[in-house]
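What follows is calculated from the coordinates using simple rules that are stated; it is not laboratory data. This structure is a prediction, so every number in the text was calculated from the model and none was measured. When we count neighbours, we look across all protein chains shown, and the Cβ atoms used for this are built from the backbone with ideal geometry, even at glycine.
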Amino acid sequence: MSDFFPVHVYFVLTLIVTLVVLGLSGLFPSKKTSKTKFMPYESGIQTETHLLQKRFPLRHYLVALMFLVFDIEVIFLYPWAVVAKQIGVFAFYEMAFFLLALLVGFAYVWRKRGLEWE
């Protein structure tokens, strides 16, 4: 067996689950139609002329930025988790510091109410 066997199993299971979910959604489509369903919208806001004159809220930008930061965090975290037993104590403390820095940043955004939709 190769060292990448668990990774291959993960990708195969992901593909199977994706195909099953897509297949089930095709078998049981939503039959509810209404005038509202076919109206265009942008980020949950109806596109009416008086709404188009408002400025774009900054909260959308903050959430997108938070998503990118934590998405890139996974890119660094995954290889570390794969070889966690072989890298030693120093690398463990490096990643712990990295995660602590991310946690402090997340706590800062949480306290500043950057994730609330008011």
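Structure data summary
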item	result
Vicinal HN-Hα couplings computed from phi for segment 70-75 (Karplus, 6.51 cos²θ - 1.76 cosθ + 1.60; Hz; Gly/Pro x)	6, 6, 5, 4, 5, 4
Cβ-Cβ FRET estimate between Ser2 and Leu99, R0 fixed at 41 Å, reported to 0.05	0.90
Cα shape, segment 62-111, gyration tensor, a/c 1.5 rule	oblate
Amide hydrogen neighbours beyond the local backbone of Ile87, cut-off 5 Å, H modeled	none
Two-site label geometry, Ile72 and Val20: point separation in nm, points 7 Å out along Cα→Cβ	3.6 nm
Gained length - Ser30 relative to Arg111, 0.36 nm times residue gap less alpha-carbon distance	25.2 nm
